[in-house]
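Input: a single structure, listed below in structure tokens.
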Amino acid sequence: MHLVIRTPDKQLFAGEIQHVTLPGAQGPFQVWPGHAPIATTLAPGNVVYTDAQQTHGVATGPGLATVHANQVTVLIHTGSASPTDRDDAY
């Protein structure tokens, strides 16, 4: 599954992942390969994704997300690496 996280100024991440947890406006939800197509709003929170190696995170403001054909696109106004990128985050 492919994930893209973008702000208006830059791309924060683009790559292959195993799954992602998104901060949905109605609560967090996970997207796994084969997920049904959706478009949804995101609340401020953390986008947490797992690649083949480890878990990473991006702290985000509000935004939008789409899922279609194993492609997840996250469009946010602001974002930065969150503590989940550190080895000592857990």
Check: Which length gain, in nm to one decimal place, applies between Ala81 and Gln18 when the Cα-Cα distance is subtracted from 0.36 nm times their residue separation?
Finding: 20.8 nm
Notebook entry, point to check: What is the dipole size for the chain, taken about its Cα centre, with +1 at each Lys and Arg Cβ and -1 at each Asp and Glu Cβ, in debye to the nearest 20?
Noted result: 240
Item checked: Difference of contour (0.36 nm per residue) and Cα-Cα distance, Phe29 to Thr73 -> 14.4 nm
Notebook entry, point to check: Tell me, what is a quarter of the convex hull surface for the C-alpha atoms of the chain, in nm² with one decimal?
Noted result: 5.2
Note to self: At 0.36 nm per residue, and after removing the present C-alpha to C-alpha distance, how many nm does the segment from Ala36 to Thr66 gain when stretched out fully?
What the structure shows: 9.8 nm
Next item on the list: Mind checking which of His68, Thr50, Phe29 is farthest towards the positive end of the chain's charge dipole, using Cβ charges of +1 (Lys, Arg) and -1 (Asp, Glu) about the Cα centre?
Entry: His68
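Where a number appears in this text, it was derived from the coordinates with a stated rule and is not lab data. Computed from a prediction, not measured in an experiment: that's the story for all the values here. No Cβ is skipped: glycine too gets one built from the backbone with ideal geometry, and neighbour counts run over all protein chains shown.
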